[in-house]
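The values are calculated or read from the model by the stated rules, or taken from the named source; none is laboratory data. It should be emphasised that the depicted structure is a prediction, and the values quoted were computed from it without experimental measurement. Glycine also receives a Cβ, built like all others from the backbone with ideal geometry; neighbour counts cover every protein chain displayed.
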Amino acid sequence: VRGQLIARFKRWVRGIRAIIRQTDVEGDVSREMKTHIELEQAALIRAGVSADEARRRAAVAFGGLTRFQQEAREQRPLRWIDDFVHDVRYGLRQLRRSPGLTTAAIATVGLGIAAVTTVFSIVNTASFKPLPYREVDRLVAIGDDGMPYIAFSELSADEVVALRRRSHSFERLSVFHEDRGATLTRPGAPRALGITAIDSGMFALLAVKPARGRVPSVDEFRDAKPVVLISDSLWRSRFGASESAVGAHVTISGVDRTIIGVMPEGFRFYERSDAWIPLVEAVPPDRSNAPPSTREVDEARQSVIARRAPGVSMSEARAEVAQIGRTLGALGASSRGRPRLAVRDQIVDRPTSLSRLLPLSSLFLAATFALLVIACVNVANLLLARAVNRRGEVTLRVALGAARGRLIRQLLTESAMLGLAAGILGVVLAGASVKLLITHVPTYGFPSWVRFGIDWRVLGFALFIMLVAVVGFGLAPALEATRVDLMAVVTASGHPGITAAPAIRSGRRLVVVQVALSFALFVVATQLVQTYRHVVGIDAGYQSARVIHSYAYLDHTKYADPQKRVDFVRKLARELAKDPSVEAVAMRSWFRGDFANPDEHPAPSRVAGRNRGDRLKDRELFGPNDTTTALDQSFAPNLSSHFVVSDGYFRVIGVPTVSGRTFDASDTRRSQRVAVLSAALGRRLWPTASPLGKSLRIGVDGAPFIVIGIVGDIRKAISDRNGTHVDDVAELFVSERQASFTDGEYLVRIKTDAEQAKAAIALAWMAVDPEAAPPPLLRTNAEEDGLLALGLRVLGLALAIIALISLVLSMIGIYGVVSYTAARRTREIGIRIALGATARDIRRMIARDGTRLILAGLSVGFVVAIGISKLMGRFAWSVSAVQLATYLSASGAFCAVALVACYLPARRASQMRPRDALLTDL
Amino acid sequence: MERMRARADLLQGSLDLLILKSLALAPMHGWGISKHIAQLSSDVLQVNQGSLYPALYRLEDRGWIKSGWDRSPEGRDVKVYQLTALGRRQFEEGKVQWRLFSGAVNDVLKAT
């Protein structure tokens, strides 16, 4: 046994040495065999045979030297590595021999791989990127079952206490409270800040610790001392990455705090936070001796994150938490009535901004994959053509005894080298284009942990794609090249590989695939671009470029009272009125049905079972006065908005008054309640009569509103399950003189220069509250709309580029195959011309050939495109229907370009002189 | 008849044994091995070069024989093979097996 082990080891050593000294060994074998023949020859001469005869006999006795060499080689150690090295050398030689083809193939496939990899790396980041915490799959969020779309919903103190006491599924459980509306006022200029209050277990739960400084002590947590940990980015931007930051003082939302630590780079918990403070944990209200009806509402809300204990499955944790929720409800021990607790393994909200960056990512992946296929087809065609030209060589080698499998492997190795080069090029290009994409697409609102780039997953994917490509463009030519019928070659009187027909056939089949795919891409891209044009080209019904519409994002602590926010905006409006770049300012707020002084409007009748305090839900509870029930549901989706507005609102936004009047000083809290409708809403509610003077009941609040005016419509692009379409927006307005604002929403009509007005708003802002963080990025409504359509634009544009590239590639494919066919038929053409065929006949013959390919491709492409459109119809960004015009124009354009690709080789063929044609040796 | 006998195919595995046997006597080059086998078998066993060299490489690969370039008495560069210790053991084992095998075949053929 030991001897065998040693032998095996020696064998490896020999094998590796043989590979290193490749040429030596090659020479060794042939030298040895030559010696054999020489020895034989010498023996024959000794036996009295003439020298020439001896050489002949010795050679005959030995047989095919090449075959023996190969067979001998096959016995050598680690033959596959040996073969592989041999194939690589051979392949490199072949590739170097035709640099043009090699470059074209690498560039084409490299582009294809780059496209697929770019899209995949974005999809990868958006959907697979793990959070930067240790054993992140054990982290769970515990929230309200009723809010499935967000990771963390907030729980009451009762629920938190119950979870802490009764759950056993979790190793650790922590609570936090995120506030995205804090303000940092010192040091430096005020800025908005997200802060998260955390409990003492949080750092251990997430397994993170500060990069500098320390975590709060037990005392600091217990007494909620004014200490703070700051993020790496805040540390760099505000403190210049200074070591003295730890120990410095900051003022956050009016509280002076001491910085005790800086968190490591990239740490963001929860998503938008830049500072962490000790949490004052809410205590459940004591309700032991209070009657249930007077129970104090516990408004303290905290989010819960936990780490599952090892060995506890997700479903076990779910079951336990659900049981705790049920028990709480049954005991009546929760302020939320019947809490339904749920465990979620997703601890971030999947950001919608990512889907905005890349809507229809699967479509995109498919499109780029189609591009890659098209590119591979071109390369396959190139290689096929070369395979036919190589027939001579291959035939010779088969005749000398080379095995077909071995030859195929060799040709595939050559393709693999092409593929590898293309893959490297592709990954490099993909890295560059991802960077380019990120700098050109706004990433505002992306969670901090999203970092785009090429990671191992992307590399693995690229490798996979590369292999697919290699087999895609390499296999058919390799099979074709090695399909050698020795008998046929012998009988074809010295024309090795005269039968190019199968190669041409597979080349043509590939071109049909190419045309089909690129046509489908072309149609889909056209449809998307049309949709985009449709969306951005709409007449909004008002001058949206002259209106800035924003919201007073103010400190949550200082402006906790909504009335304060409204006061802020009033003051802002007064300041802005002085500025020359501003024409007018108005305020607007969602109408929530809670009136300033409802007692002044005693409701004539109350809907049973509902109290006045109920808030109006969006799209609910509307109805003309003469019907007592709410309008049917089919109406609801078209009612986009119902607003409380200030007097100047309609002038600011610039919609005309169609009939009646808008709000003015005559409308007071004591006068008749009045409403203004958009024309679309008026038409909908009273299709036959004028809405003016009609009365309308809004919500459960009873008292009717009289319609006093109709204003012009605003048009918007609406994306729903019927596709993207443009529609008038149904809107209803009431006056702030009769219902109060609840939000700090304001609109500014600007005179000319938007940028100047934006600066003026920032200035006025500071004048009203020097401590307030400056307003967020301001945009005119037109800019806002453009941003909303951005996804569509990016998608349409990128798809258009992909479609264009694929179109060019397939044209090259058609051109190549038609030229090649024509070249193969040179002799035939010569005979035809000699027999009297005109140049036109020849042109027509060759062009007809190409046209057949195109038509076959188009008919397949039609079906594919219709299929894709149908699929796209399921997404939000979709085109309305199968647009026949698009199909017809696309196929027309396609035919035109394709015919040019056919015409060129056809013309060349027709200009041939018959004598030359007949002499051509093919 | 003579030619038929001369062309008698070597049974699978027997070539290896013949090579080992040849080399057990003295180190030899490839041509020498083939001549040696032909002589000892009175030209009945003609070793095809197409079988000989692959077999040599295979045996070398297994570590039963080793090779090296040497100069022949005629002043020719030749590749000389010689048995290794492992090869010698394999040869002894192979001999026993061959005798068992050929005896068994003979017994079967003798049966009437």
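The table below gives the values:
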{"read-out": "Which listed residue, of B:V96, B:V108, B:V80, is surrounded by 13 or more Cβ atoms within 10 Å (Cβ to Cβ) and either closer than 16 Å to A:V29 by Cα or more than 9 Å from every other protein chain (Cβ to nearest Cβ) (or both)", "value": "B:V80"}
{"read-out": "Leading residue by the ranking (farthest from the chain's Cα centre (by Cα)) among those in region A:202-240 that are among the β-branched types (V, I, T) and either over 22 Å from A:S253 (Cβ atoms) or loosely packed, with under 15 Cβ neighbours inside 10 Å (or both)", "value": "A:V218"}
{"read-out": "Where B:P27 falls short, out of the listed (1) more than 9 Å from chain A (Cβ to nearest Cβ); (2) in contact with a helix residue (DSSP H, G or I) (Cβ under 8 Å, 6 or more places away or on another chain)", "value": "(2)"}
{"read-out": "Filter pass, A:Y553 being closer than 30 Å to A:S695 by Cβ and either surrounded by 15 or more Cβ atoms within 10 Å (Cβ to Cβ) or at pLDDT 80 or above (or both)", "value": "no"}
{"read-out": "In region B:60-76, residue surrounded by the fewest Cβ atoms within 10 Å (Cβ to Cβ) [restricted to those that are at the interface with chain A (Cβ under 7 Å from one of its Cβ atoms) and either of a type in the set (D, E) or at positive phi (or both)]", "value": "B:D61"}
{"read-out": "Residue identified as modelled with pLDDT of 80 or more and assigned to a helix (DSSP H, G or I) among A:A204, A:A126, A:A197", "value": "A:A204"}
{"read-out": "Verdict on A:L229 being out of contact with any helix residue (DSSP H, G or I) (no Cβ under 8 Å at 6 or more places or on another chain), assigned to a strand (DSSP E or B) and in contact (Cβ under 8 Å) with a residue 24 or more places away in the chain", "value": "yes"}
{"read-out": "Enumeration of residues in region B:33-55 that are at the interface with another protein chain (Cβ under 8 Å from one of its Cβ atoms), assigned to a helix (DSSP H, G or I) and not hydroxyl-bearing (S, T, Y)", "value": "B:K35, B:Q49, B:G50, B:P54, B:A55"}
{"read-out": "Selection from region B:47-75 of residues that are modelled with pLDDT of 80 or more and touching a strand residue (DSSP E or B) at 6+ places or on another chain (Cβ under 8 Å)", "value": "B:L56, B:L59, B:E60, B:W64, B:I65, B:K66, B:S67, B:G68, B:W69, B:D70, B:R71"}
{"read-out": "Whichever residue in region B:56-88 is among the acidic types (D, E) and not in a helix (DSSP H, G or I) and, among such residues, is farthest from B:D16 (Cα to Cα)", "value": "B:E74"}
{"read-out": "Failed item, numbered, when A:I710 is tested on (1) at pLDDT 85 or above; (2) surrounded by fewer than 21 Cβ atoms within 10 Å (Cβ to Cβ)", "value": "(2)"}
